[in-house]
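Written out below as structure tokens is the structure these notes cover.
The values are calculated or read from the model by the stated rules, or taken from the named source; none is laboratory data. It should be emphasised that the depicted structure is a prediction, and the values quoted were computed from it without experimental measurement. Note that each Cβ is placed from the backbone with ideal geometry, even for glycine, and that neighbours are counted across all protein chains shown. Just so you know, the surface numbers come from the protein's heavy atoms only, side chains and all, with ligands and any DNA or RNA stripped out. Shrake-Rupley method; radii C 1.70, N 1.55, O 1.52, S 1.80 Å.
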Amino acid sequence: MSFAKKVAAREFVVVAEMHTPKGVNITRLVNDARRVKGRIDGVVVPDMDNGIMRMSALAGGALMQQQGIEAIIHLYCRDRNRLALQGDMLAAHVLGIRNLVVTHSEEMSQGDHREAKSVNDITEVELVQTAGDLCRGQDMSGFELDGAPEFTIGCTIAPYADDQALAGELQAAADKVAAGARFIVAPPVFDVNHFQVFAEQAKGLQVPIIPTVFLLKSLAIAQYIARSEPGARISEDLIKRIRKASDREAEGIKIAGETVAALKGLAGGVMIQTLGWEHKLPEILDYAEL
């Protein structure tokens, strides 16, 4: 069953994020994707995430489709104006890509091309609406298309530190759902009980919520996230568990797999984020019994 059909049927979907290379060597990307083919429902391909110059998501998505794996590509307002965004969406359809996620992009000051200028010609809500209009055969200026694309469109909820920030994120997500988003990718989950509280608050959005499961590669990473992102809810017990483990890397993989398993029945699916350790995805899926 396709990713779109699973989302529409409210079945649990499992996707994994994979970055394109900073260059043209696609060997690692293709090999990592092949390792999980048949075990996941799609690969999420960011587009120069965090302001880091990489091969475009269009190319990465096309590579996934060539491997027989559904691609879900990111769209940002930061890097392209409305013409380029619409052109990319039409190109995505022709390349076999049927799933889009409109997401927030980091400031250029956080990336590796700090002198680059941000575009932000339209808002995320307008981008979701535009994707839907293209599917209905019309561009942003009202002109009729010669053949309309087909997309399942999603959006994201950014990490939040407190209830006030969460309320703002939920309202922003509601606006995107009203504009045509059909699923939402949520921030990383380190506390399943806290996610249940969040899921109850997000129930009114009436679309599947797909939380992120982030692989904690080391004790230092867990401590850094706990210290710098209090909204992440990394408990001291979790940090102690990693600290006491004889093999901390293996323990992080096990924790990720356990989190995926725990979210079955509580969420619309999961997006596994490994940030360079995509070769560990099969082990995470094994622990999750997927």
> Given the conditions (1) under 23 Å from Q171 (Cα atoms); (2) surrounded by fewer than 19 Cβ atoms within 10 Å (Cβ to Cβ), which single one is not true for D247?
Replying inline: (1)
>> For the list (1) part of a helix (DSSP H, G or I); (2) surrounded by 15 or more Cβ atoms within 10 Å (Cβ to Cβ); (3) hydrophobic (A, V, I, L, M, F, W, C), I need the number of the one condition that A220 fails.
In response: (2)
> Counting just the residues of segment 120-130 that are part of a helix (DSSP H, G or I), touching a helix residue (DSSP H, G or I) at 6+ places or on another chain (Cβ under 6 Å) and of a type in the set (A, V, I, L, M, F, W, C), which one comes out farthest from G87 (Cα to Cα)?
Replying inline: V125
>> Can you find, within segment 105-122, the residue that is most open to solvent (accessible area, probe 1.4 Å) among those that are of a type in the set (D, E) and under 20 Å from the mean Cα position of the chain (by Cα)?
In response: E107
> Looking at A8, is it under 25 Å from E124 (Cβ atoms), in contact (Cβ under 8 Å) with a residue 40 or more places away in the chain and crowded, with 17+ Cβ neighbours inside 10 Å?
Replying inline: no
> Listed residues T130, T20; which is open to solvent by less than 50 Å² (accessible area, probe 1.4 Å), touching a residue at least 24 places away in the same chain (Cβ under 8 Å) and in contact with a strand residue (DSSP E or B) (Cβ under 7 Å, 6 or more places away or on another chain)?
Replying inline: T20
> Considering only segment 181-203, how many residues are in contact with a Cys (Cβ under 9 Å, 6 or more places away or on another chain) and either part of a helix (DSSP H, G or I) or open to solvent by less than 10 Å² (accessible area, probe 1.4 Å) (or both)?
Replying inline: 3
